[in-house]
Each structure stands twice: as structure tokens, then as C-alpha cells.
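Some notes on the structure that comes next.
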Amino acid sequence: MTAALLVLAASEPSKVPFYVVGACLALWAVVLSVIGLSRPGFPGSAGPQRAVMLVSALLVAGTVGAAIATASKPKAEPGAEKGSETPAKGTAAPVAGTVKVAADPSGALKYDTTALQAKAGKVTIDFDNPAAVPHNVTVEGAGKKIGGTKTLASGAATAKLDLKPGTYTFYCSVDAHRQGGMEGKLTVSG
């Protein structure tokens, strides 16, 4: 019994409350539409108007609250490694196979640099995201994803990649962040 409770506590929250409250909100909207179309004076006096507004507001608030309560954390990107505990400050210069990049602290869709340089071989990407908006650093070469950091908000992550000399693209793979401007070039020298 205890083991089952631990498994349930560690798993993602159930989306059932969101579905139930959301379905009630949708049903309420349909009922109001049908009644409103069939009775031109609906809801009538101030009392019924307030009751309709109150029920509508409670259902909207319940749906939003259930959505927040049942939301799951972003999944880690494939090839991501555990983040470090110390925040990194962004810089474009190669330092012993390590490059550092940071997300904009205000949550804007941009990194602190659009150009990184590294030496070929084992390259460590230290990523700092001080914003509450989830971001990551993903690296691709020749149109293929090579690897990157995990997706996180308000924290730091590290990725280790084995890169050959050439030009790579680094970007944030969360939603449309890349299209919003979170992209840059990583030049790897021999």
C-alpha cells in the first residue's frame, strides 16, 4: 500500500480534474447558448444575471486552476545531461572545450550571445537560464540534432558533446522559441 502511494506521488498529476471542470464549463456554455437563443429576455433581472455570471466565473476559475494544478514539467531533451548547481555567465570565447551561454533574464526569447566558439573534440555547454520561462540549448549540424541541455526554468544545465570542426547551429527547442529568435552559430575549430 505504501509503495503504491509513493509511486502515485512521484508520477505526473492526473489530468482528470482539468477534463471534468473543463467539460462542465463547455456544457455550461452550451446550456447558456440554448437558453439564450430560445428565451430572448434571458437571464432577466439582476439576480439571475448575477447567478449566471457567478457560475461562469467559478467554472472559468476552476478550469484555469485545474490546468495549473495538473500541468506537468517540461520533458528533458534527448541527449540532455544533469544540470550543474552553479549558474554560468554567458561568454563567446572557448575556454578549454567549454562554452557558456545564458538565456535572457527577463524571459525574452534570446540568448546573451548569437556566436560561440569552441575547439574540436569534447565540448561542454554550460547553460544558465535565470528566467522563469523554460529554455534549453540544442545543437544541430547539417540539419541533424546532435544533442543539448535539458529544458529548465530558473537554473543551470550542462551538455557534453563530441564535435568535429565546422559550423553548428544552437537554438532553444521549446515551442516556437527558435523562430522567436533563440538561435545562434557555434563555430568549432580544429
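Return the residues of segment 133-190 that are touching a Cys at 6+ places or on another chain (Cβ under 8 Å) and assigned to a loop (DSSP other than H, G, I, E, B); say none if nothing qualifies.
Listed by number, the residues that qualify are 136, 137, 178, 182.
I need the full set of residues from segment 112-127 which are buried (at least 24 other Cβ atoms within 10 Å of the Cβ) and not hydrophobic (A, V, I, L, M, F, W, C), in order please.
Scanning segment 112-127 gives a single hit, 126.
In segment 18-52, which residues are within 28 Å of the chain's Cα centre (by Cα) and either at pLDDT below 85 or open to solvent by less than 60 Å² (accessible area, probe 1.4 Å) (or both)?
21, 22, 23, 25, 26 - these are the residues of segment 18-52 that are within 28 Å of the chain's Cα centre (by Cα) and either at pLDDT below 85 or open to solvent by less than 60 Å² (accessible area, probe 1.4 Å) (or both).
Could you tell me which of the residues 154, 189, 173 is open to solvent by 20 Å² or more (accessible area, probe 1.4 Å), farther than 17 Å from residue 106 by Cα and within 15 Å of the chain's Cα centre (by Cα)?
Going through 154, 189, 173 in turn, the sole match is 173.
Identify the residue in segment 102-126 that is of a type in the set (Lys, Arg) and in a strand (DSSP E or B) and, among all such residues, is farthest from residue 188 (Cα to Cα).
Only one residue tops the list, namely 122.
Out of segment 128-149, which residues are under 15 Å from residue 101 (Cβ atoms) and out of contact with any Phe, Trp or Tyr (no Cβ under 9 Å at 6 or more places or on another chain)?
128, 129, 130, 131, 147 - these are the residues of segment 128-149 that are under 15 Å from residue 101 (Cβ atoms) and out of contact with any Phe, Trp or Tyr (no Cβ under 9 Å at 6 or more places or on another chain).
Before we move on, is residue 59 open to solvent by 70 Å² or more (accessible area, probe 1.4 Å), farther than 30 Å from residue 155 by Cα and at pLDDT 90 or above?
No; evaluated as a whole, the condition is false for this residue.
Looking at 107, 180, can you tell me which residue is under 22 Å from residue 71 (Cβ atoms), surrounded by fewer than 16 Cβ atoms within 10 Å (Cβ to Cβ), within 23 Å of the chain's Cα centre (by Cα) and in contact (Cβ under 8 Å) with a residue 40 or more places away in the chain?
Sole residue among the options that is under 22 Å from residue 71 (Cβ atoms), surrounded by fewer than 16 Cβ atoms within 10 Å (Cβ to Cβ), within 23 Å of the chain's Cα centre (by Cα) and in contact (Cβ under 8 Å) with a residue 40 or more places away in the chain: 180.
Those residues that are open to solvent by 30 Å² or more (accessible area, probe 1.4 Å) and within 13 Å of residue 169 (Cα to Cα), I need them from segment 128-148; list them, please.
Within segment 128-148, 140, 142, 143, 144, 145, 146 meet the criteria.
The values are calculated or read from the model by the stated rules, or taken from the named source; none is laboratory data. Note that this is a predicted model, so its numbers are computed, not measured. In this analysis, Cβ positions are derived from the backbone assuming ideal geometry, glycine residues included, and neighbour counts consider all displayed protein chains. Note: areas computed on protein heavy atoms with side chains; ligands, DNA, RNA excluded. Shrake-Rupley method; radii C 1.70, N 1.55, O 1.52, S 1.80 Å.
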